[in-house]
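Visitor: Attaching a single structure in C-alpha cells format; questions to follow.
Throughout, read-outs are computed from the coordinates displayed, never taken from laboratory work. Being a predicted model, the structure only gives us computed values, none of them experimental. Every residue, glycine among them, receives a Cβ derived from its backbone with ideal geometry; neighbour counts consider all protein chains shown.
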Amino acid sequence: MRRIISVLVENEPGALSRIVGLFSQRNYNIETLTVAPTEDETLSRLTVTTSGNPQVIEQITKQLNKLIDVVKLVDLTEGHHVERELMLIKVRASGPLRAEVKRTADIFRGQIVDVTSTVYTIQLTGTQDKLDGFIESIGQAQVLEVVRSGITGIARGEKVLSL
Amino acid sequence: MELLSGADMVVRSLADEGVEYIYGYPGGALLHVYDAIFRQKAVTHILVRHEQAATHMADGYARATGKPGVALVTSGPGATNTITGIATAYLDSIPMVVISGQVPSGFIGTDMFQEVDMVGISRPIVKHSFLVKKAEDIPEVIRKAFHIAQTGRPGPVVVDIPKDITDLSKKYEYHYPDKVKIRSYNPPAKGHNGQIRKAVDLLMKARRPVIYAGGGVILGHASELLIELARKLNVPVTNTLNGLGGFPGSDRQFVGMLGMHGSYCANKTMHHSDLILAIGARFDDRVTNNTEKFCPDAKIIHIDIDPASISKTVTADIPIVGPVDTVLENMLRQLSETTDSQDDAALAEWWTSIDSWREKGLFPYEKGDGNILKPQQVIESLYQVTQGDAFVTSDVGQHQMFAAQYYRFNKPNRWISSGGLGTMGFGLPAAMGIKLSFPEEQVACVTGEGSIQMNIQELSTCLQYDLHLKVININNQALGMVRQWQDMQYDSRYSHSYMESLPDFVKLAESYGHVGIRVTRPEELLPAMEEAFSLKDRLVFMDIQVDPNEHVYPMQIKDGNMCDLWLSKTERT
C-alpha cells in the first residue's frame with residue numbers, strides 16, 4: 001500500500017543522506033522524494049512516498065524517528081490530506097495535433113508555459129493519477145520529455161506538522 | 001575564560017567528560033591532537049597496533065564498565081580500520097565515541113592524501129555522526145557525542161575533525177557544557193503505566209510464563225530488578241548470548257541460554273510457554289529460528305527502550321517502550337499492589353515440565369575416552385580455576401558458544417562477546433580494554449586459532465602496557481563452526497575451513513615477551529590452567545589442542561521451531 005510520509009528534519013548537511021541511506025540500507029522502497037527548506041530556516045521538510053505492508057511502514061516510521069536529525073514525522077495517508085505533484089511535459093504540437101493538445105491541456109487545467117512552432121511545454125499539477133491520465137490522453141507517441149516533482153502533501157483541516 | 005587551540009579543546013573536552021583512557025593510533029591529520037595529548041596528564045592514551053583493536057578495546061571497556069569507550073584514529077586508513085569495530089558496537093548497542101582526523105576543511109572532496117568520507121562510510125553503522133565545522137564547536141560536539149552514545153539505546157558516535165580545526169596556533173575561548181539539548185532527540189524516560197498494568201494482568205494469569213532477557217538488561221543496569229521480578233513471580237528465566245550474566249547462571253530458575261545453540265531446556269520452555277516476557281532482547285534470528293513457527297501458544301510482552309526493536313520480527317501483544325530499569329520498577333510496584341494471585345498449581349506443573357527438560361543437565365556432552373581433550377572441558381576448567389568470577393571475552397565460532405554454554409556467569413558485565421556482528425578478532429583487544437581498567441581482576445580471552453590471528457599483533461600492546469590477561473586458545477586446527485556446518489550441510493566437504501601452516505603459538509607468545517603454555521592431553525589441562533592464573537604478573541597464552549571433530553550442540557534445525565534441535569551428531573528431537 002502506498003504511503004506518504006512527511007518529515008521535518010534539521011537543516012543540516014548530511015541529514016538527507018541519512019534518510020535516503022536508511023531506506024536503501026533497510027531495503028525500503030522510495031517511490032518519490034521531495035525536499036526543501038521551510039519557513040523556519042533551521043528545518044527542512046521532506047515528503048517521501050513509499051509502499052509496503054503495515055509492519056514495514058511501521059518499521060519505516062520508527063527507524064526514521066530514530067535518526068537524530070529527524071525532528072518529527074507524520075504518515076499523511078493515515079488521515080485526510082491533500083496531495084499534489086507538479087509535472088512539466090513537452091509535447092509535440094504541430095499540424096492538426098496542435099489544437100488537440102491545447103484542448104486536452106485545458107480539460108486537465110494545465111497551463112502552456114512555453115511555446116515553439118512545433119512544441120508545447122505544459123505545466124500540470126494534481127494527484128499522481130491525474131498526471132498519469134494526462135500522459136495517457138496525449139498519447140505516449142507525442143510526448144518528448146516529462147519531468148515530475150514527486151509528491152508533496154499536507155493534512156486537511158487543523159492538523160499541522162510543526163515543532 | 002581559558003583560551004585553547006582546537007587540538008587542546010579535543011583533549012580537554014575528553015578529560016572534562018571524565019574519560020580515563022583513549023585507545024588510538026596517530027597519523028598526519030591528528031598530529032596537532034597528539035601534541036595536545038603529550039602536554040597533559042588527565043587522559044591516558046593507549047597506543048594499539050591496529051585501529052580496529054582500538055575500537056574493540058573501547059568496546060570491551062564499555063561493556064565491562066557501562067561507560068562509553070573512546071577511540072582516536074587518523075584520517076583515511078586509520079578511519080576505515082575502525083569500521084568493523086564501530087559495526088560491532090552498533091549491532092550490540094555499545095556506547096562508544098570514535099574521533100577521527102580528517103583532511104583540512106578546504107581540501108575535503110579533492111581526494112587528498114589519506115582522505116576518506118568517514119561520516120559517509122560509517123553512516124549505516126553509527127547512532128549519529130558529526131563533521132566538526134569550527135573549532136569553537138568542539139566542546140559542544142563532543143558533549144553531544146557522549147550524550148547520544150550513552151542515552152536511550154546506546155551506540156557508537158563518530159566525530160570527524162578536519163586538521164585545520166585543530167590548528168595549535170589559533171586559540172578560542174573554552175567552555176565545556178554540562179548539558180546539551182538536542183530538540184530532535186528525546187529518549188523515553190519511563191514506560192507507559194497502562195501498558196505495564198496490562199502486562200501485570202497477563203503475568204498474573206499466565207500458566208506457563210517465561211522471562212526472555214537480553215543484553216538490554218545489562219546495558220540498562222536492571223539485573224537486580226530482573227532477579228527480584230523472577231523471584232516474585234517464580235518464573236523460569238532464559239538469557240540471550242548477550243544477556244548472559246544479567247540473571248545468575250547457576251540459579252535454579254535459570255534454564256540456560258536460548259536460541260540456535262541454546263539449551264534444550266530453554267528452547268523447550270520458550271516453545272511451550274503461554275506468556276513470554278521479553279526484556280531488552282530483540283527476537284534475533286539466532287534466537288527465534290523460523291518466526292512463523294515461533295512459540296505458537298505464547299502471548300508476548302516486550303520491554304525495550306527502542307520502539308523499532310518491538311514488533312520488528314515477532315509481533316508483540318503488549319509493547320512497552322522505556323528504559324528496562326524504570327519499567328521493571330514500575331512493574332514490581334504494580335505487582336506488589338495487585339490483588340490478583342497466580343495459579344500456583346499451574347506454575348507447579350510448569351516447573352515439573354521444565355525440570356524434566358533439564359534432567360540431563362543444561363549442556364550434556366560426550367566426555368570422550370580420556371585420550372583427547374574436549375573443548376567443553378577447557379571452559380569447565382576455566383570456570384573452576386577462576387571460580388566463575390572472571391571477565392571472559394570471546395572471539396567468534398565454536399569456542400564462543402562453548403564459553404557461553406559452560407561458563408556460568410553470575411554477574412552482569414562479565415561476559416564480553418560480539419553477539420550481533422559476530423566479529424572474529426574481537427576477543428583479545430576487548431580483554432585488553434578490560435584488563436587495563438580492572439588490573440586486579442582475572443581476565444580471560446577465550447579464542448580459537450582462527451580468530452586470534454585476526455588481531456594477534458595486539459600481544460605487543462599487551463607487553464607495552466603490562467596487560468596480564470590470559471589467552472585461552474582452543475586450538476582445533478580448523479575453523480570449527482564453518483567445519484561443523486560443512487559436516488552437517490555439505491557432506492563434510494571442508495572448503496577452506498582448516499588452517500594450514502599454523503604458527504607455534506607458544507613460541508609466538510614468547511617472542512612477544514609473554515609466557516606460552518601448550519596443553520595436549522586431558523590430564524595436563526587443570527594444572528596448566530592453574531599455573532596460568534597463578535602467574536599474575538604475566539600474560540599467559542595457553543595453546544590448548546582439542547578434538548577437531550567436536551560439534552556445538554544443541555543446534556536448532558533450520559526453518560524449524562525453537563525446539564527442533566540436533567542434540568548430538570546422531571540424535572535429534
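Visitor: Using the 10 angstrom Cβ neighbour count as an exposure proxy, how do B:SER100, A:SER149, B:SER495 rank, fewest first?
Guide: So the residues, fewest neighbours to most, are B:SER495, A:SER149, B:SER100.
Visitor: Hey, any idea what the orientation-averaged projected area of the convex hull of the stretch B:211-267's Cα atoms comes to, in nm²?
Guide: Projected over every direction and averaged, the Cα hull of the stretch B:211-267 covers 3.4 nm².
Visitor: Counting only trypsin sites (Lys or Arg not before Pro) that sit in a DSSP loop (anything but H, G, I, E, B) with at most 11 other Cβ atoms within 10 Å, what is the longest stretch of chain B containing none of them?
Guide: Longest stretch, sites excluded: B:368-492.
Visitor: I would also like to ask the following. Positive end of the dipole of the protein assembly as shown, charges at C-beta (+1 Lys, Arg; -1 Asp, Glu), about the Cα centre: which of B:MET424, A:THR118, B:PHE283 has its Cα farthest in that direction?
Guide: A:THR118
Visitor: Over the stretch B:118-233, how many pairs of lysines fall under 23 Å by alpha carbon, counting only those 8 or more apart in sequence or from different chains?
Guide: Close lysine pairs found across the stretch B:118-233: 28.
Visitor: In terms of modelled amide H atoms, which long-range or inter-chain residues lie less than 5 Å from the amide H of B:HIS50?
Guide: Here nothing satisfies the definition.
Visitor: Name the lysines eligible as straight-distance cross-link partners of A:LYS102: C-alpha to C-alpha under 19 Å, and not fewer than 8 places from it in the same chain.
Guide: Filter leaves A:LYS90, A:LYS130.
Visitor: Now for a different question. Tell me which trypsin sites (Lys or Arg not before Pro) from the stretch A:131-163 have a DSSP coil assignment and no more than 16 other beta carbons within 10 Å of their own. Numbers along the way, then the final one.
Guide: Details: sites: A:ARG148, A:ARG156, A:LYS159; in loops: A:ARG156, A:LYS159.
Here the trypsin sites (Lys or Arg not before Pro) that fit, given the DSSP loop and packing criteria, are A:ARG156, A:LYS159.
Visitor: In addition: Helix A:97-107 versus the longest principal axis of chain A: what angle, 0 to 90°, nearest 10, using Cα atoms?
Guide: Helix A:97-107 and the main axis of chain A meet at about 40 degrees.
Visitor: About its Cα centre, how strong a charge dipole does chain A have in debye, to the nearest 20, once Lys and Arg get +1 and Asp and Glu get -1 at the Cβ?
Guide: 340
Visitor: Just flag the GluC sites (Glu not before Pro) in the stretch B:332-369 sitting in loop per DSSP whose Cβ has no more than 13 other Cβ atoms within 10 Å.
Guide: Listed in order of number, the matching sites are B:GLU359, B:GLU366.
Visitor: Note down the magnitude of the dipole of chain B about its Cα centre, charges +1 on Lys and Arg C-beta and -1 on Asp and Glu C-beta and zero elsewhere, to the nearest 20 debye.
Guide: On the way: 54 positive and 67 negative charges, 186 e Å.
Dipole magnitude for chain B comes out near 900 debye.
Visitor: Can you give the alpha-carbon Rg of the stretch B:254-329 over 2.2 N^0.38 Å, where N counts its residues?
Guide: Details: Rg = 12.1 Å, N = 76, 2.2 N^0.38 = 11.4 Å.
Ratio of Rg to 2.2 N^0.38 Å for the stretch B:254-329: 1.06.
Visitor: Assign unit charges at the C-beta atoms only (+1 for Lys and Arg, -1 for Asp and Glu), then state the dipole size of the protein assembly as shown relative to its Cα centre in Debye, rounded to the nearest 20. Working shown, then result.
Guide: Details: 73 positive and 87 negative charges, 275 e Å.
I would put it at about 1320 debye.
Visitor: Report P(r) for the protein assembly as shown: all Cα-Cα distances, bin width 20 Å, range 0 to the bin holding the largest distance, values in whole percent.
Guide: Calculated P(r), rounded to whole percents: 16, 42, 31, 10, 1, 0.
Visitor: Could you work out Rg/(2.2 N^0.38 Å) for the stretch A:2-79, with Rg from alpha carbons only?
Guide: 1.01
Visitor: Can you list which of the GluC sites (Glu not before Pro) found in the stretch B:472-540 are DSSP loop residues with at most 16 other C-beta atoms within 10 Å?
Guide: Passing sites in the stretch B:472-540 are B:GLU500.
Visitor: How big is the shadow of the Cα convex hull of the stretch B:302-403, averaged over all directions, in nm²?
Guide: Its average projected convex-hull area is 11.3 nm².
Visitor: Now, a different point. If I take the Cα coordinates of chain B and project them onto the principal axes, what are the three extents in Å, biggest first?
Guide: Sorted from largest, the Cα extents of chain B read 76, 60, 42 Å.
Visitor: Starting from the alpha-carbon convex hull of the stretch B:1-151, give the projected area averaged over all orientations, in nm².
Guide: So the mean shadow area of the Cα hull is 8.4 nm².
Visitor: Also, quick follow-up: In whole Å, what are the Cα extents of the stretch B:375-552 along the three principal axes, biggest one first?
Guide: Extents along the principal axes, in whole Å: 48, 36, 35.
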